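J.: A single structure is presented below for examination.
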Amino acid sequence: MTDETNNPLRAVFLAALMVLWVFAGTVALAGSAAAIEGNGSISNGDITPQDSSTDAQDVTYNFSFDVQNGSDDENNSIGGVEIVLTDASDGTSGGSVDDPDESDVNVTLDNGTERDVVVDDAAAVDNDGDGTQDSFQIEFQNNVEPDDGAELRVGIADSVDNPAVEDTYQGELRSYEPGVFSSNDFKSTTDSYDINDAGDAEEDRRDRNTDDSFGGGQTRFKGQILDFEADTNGGQIEDYELRLYTPGDRNGDEDIGALITQISLNDSEGAQIETENVPDNERVVITAQGTDENGTEFNDPTIVEVNEEGEQQGFDAGAGGNDNADDDAVEIVPQTLSTEFETDTEFEGENVTLEVDSNRDNFDLFVDSDNLSQSELTSIIQDSTSTNINTDRSPSDDAVRVDGVNETGSILFNFDETGNFSFDFEVQDTTGNASAEIEIEEQPDADAEFASDSGAFTVKRGDIQSDEGNSDSTISIDTTDIETVTVTIGDEERNNYETTLVVEPSDDGEIEIRMNTFLAGNVENASDAYEVTEGELVTSNRRTDQLTGVLDEGQYDLTIETRQTEREREVDAGVLNIRQSSYESLDQLRHPDTSLSNADEVSELSENEDLSETDVVTLSDRDDDRGSPERDLLIHRVNISGVYGAFDAIRTESTGAGSLESADGEEILREAQTGGTALGASSEDDPILNLTFEQVNFRQNREPKRNNFTNPTGEGFEFVIDEDNETVYLVTDVQQISLNRETADEPNTDEQVETGDLYRFEFNVGSGFNETFEGGIDEYAPEESTSVNLDIEDRTAEFDTGDGSEVRVEPAADQEIAGTTNIAPGTNLTIAVDSSTRTRRNNSNDTSELAPVFQRADVEVQDDGSFGDSTFDFSDNEVGRTFVVTATRAGIEDSAETDGRVVEGRNAQVSISETTASVDQDEVSTITVDSGSLPQGGFVTIHDGTLQDGATLDSVRGSSEYLEEGNFSNLEIELDDPYVRSDGETQTAIAMPHQDTNDNEEYDFVETEGGEDGPYTAGGAIVTDSASVTFEQETPTPEPSTPTPTATPEPSTPTPTETPTDQPGFGAVLALIALIGAALLAARRTDF
């Protein structure tokens, strides 16, 4: 078919389709004209909440209305209903609704015969647009056509939250055709419902002397008076009775059992139903006879339908009689009650707890006693009251009441008199009752308490408690007239650890307990973890299971109990704080000349002020034939916690010593590094500690020399434990210790430490420690490195000779001879002066020998390595006399033998070394003068290189403070005019000693333009020393280039030479300046 043919047909088809749409639309509009066909209506709307209290949540509501057909006699057709909970009189919402499931909605049509209506959809909507869902829309799966007078009932479960305000609210019930809830075409009817204050029901019950409601489907306790509100339908319903409920066949009346009592209604149609005569654990219902509001007659006793508030909702009448009566029956159970004091006896003035147990929660309890008045009861029983006592129910006029007792509750008593007391307890509104007795004794004089004011004790995790150091103290207890004390550490519920110790106090009544936290949780015998240092341990018992590691950090309860009567009583409580353990620091020190045996005591190491930090130790000649050559002792001091519990376990298991201080430290160190039974280690691969001393500058193709300090019988080291201060010391005699060197065959075990060797020492915890701690010390990184480097050097010394090669003194008393050494500060040595020549006396023909020079002075090496003495007397010696100076008794190579000479006046001396500034340093503001000597005191001034050009004053960069006469070393001088990088890569610093000519200890040379404080001279020359100040440059990345010829370097400017001879006086200012300029010019030409 062609397109010309298709186009006309398509047009006809579309036209026909449009006509069909118009017709269909007309039919649809006609079919949705009304909610109820004809002129029918709905009426008798009923809205009933099952819980009418304010703020009640998830309340079930029941709705119903009657349908009336119109005059056209056609049945109504209903496709859905809408239920609108509108606003109250004051504008508050009548309730908010939640989207119900279809299963929550139950719709029934009663056309004379009840049938269920299938719900297709249920939703909650906001009807008035105020933001709150206040309406239900229920759409039926199929339209329903009720007969005239039929009743439509809708129940919606657990979907309404009642308003918070007490009021009367009005709701509207609407009927619709399906799917047209948004239209205004509906039939409606309204009903009012009351929302009452939640407290009103309870208050009303109390006014009526009732205890609870006769709530359908609820459980009540025997003896309660229950509130019932009847609805007699204007007096047409009567003969209310309380009967047993015996569920049975719905086709008969077997649900109704025996009559218990008839119910009399008051003027407001209410009743108070007593339950004391109801058999235990039976269910009861209320029955009545008469005509209900629908005109239905019930001539036989019929179960009354009641809600949870005890309000009659009608008759529970199904097709065959009673229907759903389970929801209307009330179970009556007896309340159980038992009371018992936690102990049979207590001391006067002490709190004692009465434990209460019941099958009911939150009830009021009467307490009565034959030998106590009401006022005495209120003073003894905490939280009791004597006000608002219901005298009709209280057991006596002296009874008191305790409100709000829980099902597993407690009541606190405190007695101020001794004696035997008995109490009767009755629940206020039920038949529950019980009794209890207690004996109150006089408070004993005996006592026990923790010695700490706060009751708190502290220990580091993995350690043992100590009287000193950071672990505060042992667990200390003071007792009076007590034979034994029970101490409990921890709490099974709170700590998962609990141990009790029974301890006898010492004769002084004191108890001291040291706890090993490393063992406390994981040792099989609890007594191994506790040491009683004051008193005696009788028994120990760990009440919890053995742990797999060290006790965790945290607080552990401490209690003291004493047994004075037939029971124990708690007399004091405290707390044990287990805190984090840590590795704080590793320090490398050296001990001045002493033997290894003298350095194995804590006091010698912890209190020795001569110990100094070092990265070097010195050795003397091993071939020294004196048998005990001098040398430094190497000491490693480690501040660490968490290891002393393990050490103590090793001490107990392996060494047998009575304490850590008396134990063999080397044996403990060996066990700690190899693992062992004391630590629970499974193999030697589980060390607590790892120590290594290993060479780092070994030669090519050779293994390093090393030692791991695991041979306690070997010579050369001591391991000293200072648990009180959380410190351990490893003392090593590097001259004696043997080292190992691995070879392909047998390892060489006879290697020795030699000068020139470099070593690294490491001290760290091992894998066994980490595994045992499970989150303890291994979580805390050391604050400093766990290793240090060590250099081995010969013992050397040099005497101060100024710029020459001789020690020079004047022919006078109090002459100083000094020097420097690399041996340990604190070492004692002897400066020996001996004659070396025979000299003819001046101006004399006497050729006999001069008296020999023989002087000695004992000196001590200072922290900076210097030593010296200024008491040598050369007043009897002539100028030119020579002598020899040595440093003896120190193992110094060649005893530092140096020649000496007596001279006419001593010269000033100064020595300075090169100063280098790093790449990121743009100025040098401090110059360090290595050493020097000022015979008469004075200053040291720093000049720059312009001094060589004659800038005598302008070249001054800075000067020292006033210096006393004598030697100095490492003198730092702050510059007023720093050297800066921009002035050149290499600059000059000239150190020049100056006198204090005006004795004011102030540097006045520049201010007086050279008039005061002139420089020291020697042999007519100014005493100086110079050195370069160099600013390091960044090294550029080299680029390939064509080589260029290297320029011939210019000769560098030599530095001035200091002159050591006689020292002249000073002239006028101009002469002095000229002298300085001339001297420097000459020096520049010759020496710089």
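Just so you know, all these numbers are worked out from the coordinates, no wet-lab data involved. All values derive from a computational prediction rather than experimental measurement. So basically every Cβ, Gly included, is an ideal-geometry build from the backbone, and we count neighbours across all protein chains shown.
J.: Can you give the FRET efficiency to the nearest 0.05 for Asp361 and Asp128, using r as the Cβ-Cβ distance and R₀ = 56 Å?
T.: Values: r = 42 Å, r/R0 = 0.74.
About 0.85, to the nearest 0.05.
J.: Under 5 Å between amide hydrogens, which residues at least 5 positions from Ala451 or on another chain qualify, with H placed 1.01 Å from N in the peptide plane?
T.: Under 5 Å from the amide H of Ala451: Ser476, Ile477, Asp478.
J.: Any idea how far apart Glu483 and Ala573 come out in nm if each label point goes 7 Å out from Cα toward Cβ?
T.: 2.8 nm
J.: Given a Förster radius of 22 Å and the C-beta distance between Ser264 and Asn433 as r, what FRET efficiency does 1/(1 + (r/R0)^6) yield to the nearest 0.05?
T.: That pair, Ser264 with Asn433, gives E of 0.15.
J.: Along each principal axis of its Cα atoms, how long is segment 483-622 end to end? Whole angstroms, biggest number first, please.
T.: Each principal axis gives a Cα extent; for segment 483-622 these are 77, 37, 25 Å.
J.: Using a simple charge model, +1 on the beta-carbon of Lys and Arg, -1 on the beta-carbon of Asp and Glu, nothing else, what dipole does segment 361-455 show about its Cα centre, in debye to the nearest 20?
T.: So the dipole magnitude of segment 361-455 works out to roughly 400 debye.
J.: Sticking with this structure for a sec: Binning at 5 Å from 0, report for segment 116-181 what percent of all alpha-carbon pair distances ends up in each bin.
T.: That works out to 3, 11, 22, 25, 18, 11, 7, 3, in percent per bin.
J.: 7 Å from Cα along Cα→Cβ at both Ser805 and Glu897: what's the point-to-point distance in nm?
T.: Distance between the two pseudo-spin positions: 1.5 nm.
J.: How large is ³J(HN,Hα) for each residue in segment 397-405, as worked out from phi by the Karplus curve 6.51 cos²θ - 1.76 cosθ + 1.60 (θ = phi - 60°), to whole Hz, x for Gly and Pro?
T.: 6, 9, 5, 10, 10, 10, 8, x, 6
J.: Under the rule of at least 5 residues apart or a separate chain, name every residue whose amide H is placed under 5 Å from the amide H of Glu878.
T.: Those qualifying (amide H under 5 Å, at least 5 residues apart or on another chain) number zero.
J.: Could you rank the peptides 443-456, 303-316 by their average count of other C-beta atoms within 10 Å per residue, with the highest value first?
T.: So the peptides 443-456, 303-316, ranked by packing, come out 303-316, 443-456.
J.: Please express the Cα-Cα pair-distance distribution P(r) of segment 368-516 as a list of whole percents, one per 5 Å bin, running from 0 to the bin with the greatest distance.
T.: In order of increasing distance, the bins hold 2, 7, 13, 13, 11, 9, 9, 10, 10, 8, 5, 3, 1, 0 percent.
J.: Which far-off residues, 5 or more places away or on another chain, put their amide H under 5 Å from the one on Gly217, with H placed in the peptide plane?
T.: Asp328, Ala329, Val330
J.: Whole-Hz ³J(HN,Hα) for each residue in segment 635-647, computed from phi via Karplus 6.51 cos²θ - 1.76 cosθ + 1.60 with θ = phi - 60°, x for glycine and proline: what do you get?
T.: Result, ordered by residue: 10, 10, 10, 10, 8, 8, 10, x, 10, 6, x, 5, 4 Hz.
J.: Something else about it: Measuring from label point to label point, each 7 Å out along Cα→Cβ, what is the Glu493 to Asn184 span in nm?
T.: 6.8 nm
J.: In whole Hz, with x marking every Gly and Pro, tabulate ³J(HN,Hα) for segment 519-527 from phi via Karplus 6.51 cos²θ - 1.76 cosθ + 1.60, θ = phi - 60°.
T.: These are the phi-based 3J(HN,Hα) values: 9, 3, x, 10, 8, 5, 9, 4, 5 Hz.
J.: Name the residue farthest towards the positive end of the dipole of segment 41-196 from the options Val144, Ala164, Ala122, assuming +1 on Cβ of Lys and Arg, -1 on Cβ of Asp and Glu, about the Cα centre.
T.: It is Val144.
J.: Now for a different question. Need the list of aspartates and glutamates near Lys222 for cross-linking: C-alpha distance under 16 angstrom, and skip anything on the same chain fewer than eight residues off.
T.: Asp211, Asp212, Glu274, Glu276, Asp280, Glu282, Glu331, Asp361, Asp364, Glu426, Asp429
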